[in-house]
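Here is the structure we will look at.
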Amino acid sequence: MALFHTRGRYMRAVLSGLGVTRRSVGRRHRRDCVTALLGQSNGESGAEPCNGVPGQGARFNPLNTTYNLPPCTDYNSVHVRNYASWSQGIAATVATYKLVYYVKVRAAMLDPKASAVDVAEAIAASPWGTGQLAVTATRALEASPSARKATWRRSVG
């Protein structure tokens, strides 16, 4: 039986891999972190075709990480990766966020007082490359529960 792979579940799995759990930061803040990652994902949404499908984005990589975790292939010229599976994509995303460049992002994720926009601003200030698109998209998701729900349910893979 295949898992139903949604962006929301993907983001929760990434957060769990970083130690951002309901138990460690509370339900409300974890939801804010998911919203920020969904905003980042919306900001990273590829317009380039993947496997001939326009706008599909890199396989099992909704945040467009470039982390090299073989076996993987290049999605584009900046080495955003296509991963072979859901679990490989999550592992690569977690490994990326554990790099020294993302200390402030992890700190915002682990701070229960930080809002979704605070987390998105930490992402925007990091070298990830999403920039202010993460903040803009996160604000849009916070303003529209129906858009957040639709983004949550979008499939990964």
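Throughout, read-outs are computed from the coordinates displayed, never taken from laboratory work. Since this is a predicted model, take the numbers as computed values, not measurements. FYI the Cβ positions are ideal-geometry reconstructions off the backbone, even for glycines, and counts take in every protein chain you see.
Going by how many other Cβ atoms sit within 10 Å of their own, how do L37, L99 line up, fewest first?
Taking fewest neighbouring Cβ atoms as first place, the list is L99, L37.
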Once you keep just the Cα pairs under 8 angstrom separated by 6 or more residues, what percentage relative contact order results for the chain?
33 percent
